[in-house]
1. What number of residues within segment 403-420 satisfy the criterion of being touching an Asp or Glu at 6+ places or on another chain (Cβ under 9 Å) and either without any contact (Cβ under 8 Å) to a residue 40 or more places away in the chain or more than 30 Å from PRO374 (Cβ to Cβ) (or both)?
2. Tally the residues that are within 20 Å of CYS290 (Cβ to Cβ) and either surrounded by 21 or more Cβ atoms within 10 Å (Cβ to Cβ) or among the polar types (S, T, N, Q) (or both), restricting the search to segment 404-448.
3. I'd like the full set of residues that are crowded, with 19+ Cβ neighbours inside 10 Å and within 14 Å of GLN184 (Cα to Cα), limited to segment 214-233.
4. Looking at (1) more than 30 Å from ALA316 (Cβ to Cβ); (2) free of Cβ contacts under 8 Å to residues at least 60 places away in the same chain, which is the one condition that is false for ILE144?
5. Considering only segment 315-354, state which residues are of a type in the set (Phe, Trp, Tyr) and out of contact with any Phe, Trp or Tyr (no Cβ under 8 Å at 6 or more places or on another chain).
6. Looking at (1) part of a strand (DSSP E or B); (2) over 21 Å from VAL298 (Cα atoms), find the lone condition where ASP210 falls short.
7. Output the residue which, of all residues in segment 334-361 that are part of a loop (DSSP other than H, G, I, E, B) and free of Cβ contacts under 8 Å to residues at least 60 places away in the same chain, is farthest from ILE415 (Cα to Cα).
Amino acid sequence: MLGLGVLLLGACGSSGGENGTGGSGSGGATGGMHGQLDGGTGGATGSGGEGGGTGATGGSAGGKGGGTGGGTGGSAGAFVPAAHPSLPVVLNLGGSVNATPKVQLIAYASDSGLTDIEAFLQELTKTTYWRETTSEYGVGPLTILPTIRLSSTPPATITDADLQTKLLTNTSGANPPWGVADSQTIFLFVFPPGTIESSDPTSKCCSAFDGYHSAMQTGTAIVPYAVGCACPGYDGPNVTDIQERTVAISHELVEATTDPLPGYDTAYGQEDDNDIVWTAVSGGETADMCEFNDDSNVVPPGSKYMVQRTWSNAAAALIQNPCVPHTTSTIPYFNSYPALTQIPYNGGTTLGVNIPIGQSKTIDVKLSSAAATPGAWNVTVYDYDQILVGASSPYLGLSLDKATGRNGDTLRLTITPHTADPTLGGEAFFIYSEYGTAGSADFQSNVTMGLVTN
């Protein structure tokens with residue numbers, strides 16, 4: 001299995017940056033990285049931008065909608081999905097999941113959104129969302145404990161060390177105010193607007209992430225905890241302030257139960273070797289795997305509050321949409337898969353493509369769908385370092401010969417590395433496959449990734 005000391009970059013937020021144990025964050029790409037680049041995220045079924053980038057900005061040509069044209073979607077007989085690689089698998093590295101999770105909310109009494117946050121947590125115990133996102137990993141139903149309300153004035157800034165001190169102080173001794181800490185209870189710190197978690201001046205809540213989860217030693221127990229920040233506008237103009245908060249909280253609670261003790265006893269926190277690029281650029285936990293999609297944020301039927309969809313190994317194995325719960329889109333699952341080969345990487349091997357800096361190589365991108373789609377879907381390619389890390393120019397030149405297609409089609413992607421990413425040990429790219437218009441009933445957004453070494 002590949003080692004990840006050089007990886008775990010925390011694309012979704014703090015991932016390992018909050019303390020020495022290696023917490024995991026949510027945020028930066030939540031609601032769809034493509035949407036952030038192209039004009040907004042969110043909406044009842046998630047939404048995103050309308051255009052594709054250009055070669056000058058690190059993306060290949062691509063427009064909105066899912067038009068007609070492209071391949072035939074199968075021969076004159078029964079529909080046959082085109083051959084494609086297996087989808088990634090989120091591995092358990094040997095750690096335990098939280099089988100009987102309890103959530104202890106800790107919030108400021110003056111927080112104007114507290115009533116909604118409490119109602120949201122109760123909703124998680126009644127709808128199918130929690131079961132759909134966690135049960136296959138061995139996580140049981142949620143129990144929500146009575147809220148601990150802090151009467152003090154919320155601070156302008158707070159650090160992870162401050163939170164650990166509060167947690168240790170209030171869960172230790174003969175009669176601890178917050179009760180005796182145990183590994184099944186997730187202490188959920190929720191901050192109101194204006195309070196910024198800022199352990200790292202270069203990576204702050206509401207600029208680099210809007211939540212994270214971690215764990216700490218308190219006496220004989222290792223205790224999971226999570227943080228949810230209030231970051232108005234963080235997920236785009238189509239996501240309300242409360243929705244931003246519930247999306248971040250749903251992300252963190254799913255991960256705090258499927259990987260409750262990151263750094264101590266990591267559970268579902270890394271992808272299979274062939275798909276290790278997903279771990280390198282996202283963080284690798286189940287919610288991280290779906291936060292790039294432009295339809296990642298949904299209000300499920302029967303629910304009031306918005307949540308983030310998360311990765312299902314079971315659905316992926318069946319070549320169904322791996323991000324659950326599924327949206328209202330009736331379009332069959334489809335995706336566009338780069339043709340990669342085994343390459344040396346980080347002491348092992350993985351799927352990718354080796355291209356020296358300044359040289360170019362053209363690879364196939366195979367399009368496949370589970371059933372016939374009404375029309376073609378759009379295909380757009382982006383450079384990881386430019387749109388996620390914030391590089392001023394793309395590390396990879398990326399150019400597709402066509403911007404649309406359907407089952408059975410093969411597109412040609414030309415890749416030209418310009419700059420090496422020393423932290424990643426190569427470069428990475430994202431392939432977006434989207435059908436319909438963001439926000440419409442039939443909209444669907446799917447993602448694959450590729451690794452380039454030099």
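The values are calculated or read from the model by the stated rules, or taken from the named source; none is laboratory data. Model, not experiment: these values are computed from the prediction. Here the Cβ positions follow ideal geometry from the backbone for every residue, glycine too, while neighbour counts run over all protein chains shown. For the accessible areas, the whole protein counts, side chains as well, though only heavy atoms, and no ligand, DNA or RNA atoms are used. Shrake-Rupley method; radii C 1.70, N 1.55, O 1.52, S 1.80 Å.
1. The qualifying residues number 5.
2. Final tally of qualifying residues: 17.
3. To start, the set of residues in segment 214-233 that are crowded, with 19+ Cβ neighbours inside 10 Å comprises 214-216, 218, 223-231.
Listed by number, the residues that qualify are SER214, ALA215, MET216, THR218, VAL223, PRO224, TYR225, ALA226.
4. Status for ILE144: all satisfied but (1).
5. So the first thing to find is which residues in segment 315-354 are of a type in the set (Phe, Trp, Tyr), and the list is 333-334, 337, 345.
Within segment 315-354, TYR333, TYR337, TYR345 qualify.
6. (2)
7. We begin by selecting, within segment 334-361, every residue part of a loop (DSSP other than H, G, I, E, B); these are 339-340, 346-347, 355-360.
Of the ones still in play, those that are also free of Cβ contacts under 8 Å to residues at least 60 places away in the same chain are 339, 359-360.
Details: ALA339: 12, GLN359: 8, SER360: 5 Å.
The residue in question is ALA339.
Quick grid of which residues meet (1) within 25 Å of THR258 (Cα to Cα); (2) not β-branched (Val, Ile, Thr):
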{"position": "SER151", "(1), (2)": "no, yes"}
{"position": "THR171", "(1), (2)": "yes, no"}
{"position": "TRP178", "(1), (2)": "yes, yes"}
{"position": "PHE187", "(1), (2)": "yes, yes"}
{"position": "LYS204", "(1), (2)": "yes, yes"}
{"position": "VAL223", "(1), (2)": "yes, no"}
{"position": "VAL227", "(1), (2)": "yes, no"}
